[in-house]
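Okay, so here's the structure we're looking at.
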Amino acid sequence: MSKPQRYRFLDLYRGLIVLFMLEGHVLRALLTPELQQESWFMQHELLHGLTGPGFLFGAGFAFAIATQRRWDHLIAWTPAFLRRIWRVVLIIFIGYALHLPYLSLRKTFTQSTPQQWDALFAFDVLQCIGLTLLGLRLLLVILRNEKVFVWSVIILGLAIVYATPPVWEPRFVVSLPRVMAQAVNGLGASPFPIFPFSGFLLSGTVVAWLFLRRAQEGTEDRFTRNLAIFGVSLVGFGYGIDVLPFQTYGNYNFWFTSPNYFWIRLGYLLLLLSGLWLLESLVRHREDHDIWMPKWLINLGIESFAVYIAHLILLYGWVTNPLDNMTSWWGLKLTLWQSTFAFILFTIVMVGISQLWHFVKKRHPVLMQGVYWYLGGMVVYQFLVNPY
């Protein structure tokens, strides 16, 4: 059996999203407040509105690739299906673990403030990815029909996008438990609630599913060109609808709840993805292939999950290093040049971590499994037994 094809343009896409994320997070954490009030930084923030959606879209794309390759094993309660369920549950747990106020179960329950509980239950990108993938996995075993599954994902995605404004109404979540309210909208300061951000992952799933089917037919080049045209159309549609002199929703915030803003961001992501596919197709057989598609950036995309966790701990700190992190040392104190230099050094460290992680995972998979279990076991053990 031939080895499944790896789509390098997708790895490059994820690598660029990671690089963009690192730059944005470093500047937000380290630049002085005065610089963050300048007009150029406002434009910078608009561009960084694509980072989170880009992660989610890429996760949906990767889900579709993995699922199509093992379709028969993932539409029933097989060991392969249960392993996938375990992985997405683990992603959710890791997402919440990164928000822990203390590395102690007892102290978390006895000393956490209301603000710390809110921070703990805030729905971040890992929780959004994990819960959405869990829903997709369960949908697969319920439907067991590819065409029905894809149409169901399309309908579900549209429902999430257009239900976002009413779901963000305060009265919608007033009777929900706090943890559920945090999951569905951003009124409790959740950066990536299900509405609307799950829609990006579902969009990535549908786009990847269609792309893979066209690739099997040998027409992926035409599909990708049409995808670029569709991306431009979505951007135009989003801006065009938003300037009309009437509103469908009473509670409407363009930057947080607008379906139009969703389509604009999705359109830009489709343009980026189709552009990278075109790049790969042009340089695939050239001698300077590694210059146009550098391996360090591709590995940064392949190991985006590990890099995401590592960068949060080193940049913002965790319960193990609340004072030994970049934000504690230089938070909101650096000039633009100093922050840029810090970003470059930080990126070099993250590239090193991704290279090492990728090497060990590829060459020593058993050792890597041991590392996973050791690190996870130590964190769980310390959390359960620590009294402070």
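One table, with the values for the structure above:
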read-out: Euclidean distance between Cα centres, segment 295-350 to segment 158-206, Å; value: 28
read-out: Neighbour cut-off at most 11 other Cβ (10 Å), DSSP loop, trypsin sites (Lys or Arg not before Pro), segment 259-341; value: R286
read-out: Whole-number D in µm²/s for segment 248-336 (Stokes-Einstein; Kirkwood sum over Cα pairs; 4 °C, 1.567 mPa s); value: 75
read-out: Sites excluded, GluC sites (Glu not before Pro) in DSSP loops with at most 13 other C-beta within 10 Å, longest stretch of the chain; value: 39-286
read-out: More than 24 angstrom apart: percent of Cα pairs within segment 1-116; value: 54
read-out: In Å, descending, principal axis extents of the Cα set of segment 197-245; value: 45, 24, 9
read-out: Cα-only Debye scattering, segment 8-385: base-10 log of I(q)/I(0) at q = 0.12 Å⁻¹; value: -1.07
read-out: 37 °C / 0.692 mPa s Stokes-Einstein diffusion coefficient of segment 273-388, Kirkwood radius on C-alpha pairs, µm²/s; value: 192
read-out: Among N299, N260, N321: highest mean-square fluctuation, GNM of the chain, C-alpha pairs under 10 Å; value: N321
read-out: Percent of C-alpha pairs per 10 Å bin, segment 142-227, short to long; value: 16, 35, 27, 16, 6, 0
read-out: Estimated inter-spin distance, L187 and A215, nm [label 7 Å along Cα→Cβ]; value: 4.2
read-out: Value of [θ]222 nm, deg cm²/dmol, for the chain, DSSP H segments ≥ 4, -39500 (n - 2.57) each, nearest 500; value: -24500 deg cm²/dmol
read-out: For segment 365-388 versus segment 18-85, the gap between their alpha-carbon centres in whole angstrom; value: 25
read-out: Among V179, V88, V366: highest mean-square fluctuation, GNM of the chain, C-alpha pairs under 10 Å; value: V366
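Every number in this text was worked out from the coordinates using simple rules, so none of it is lab data. These numbers come from a predicted model, not from an experiment. Heads up, the Cβs are rebuilt from the backbone with ideal geometry, glycines too, and the neighbour counts pull from every protein chain shown.
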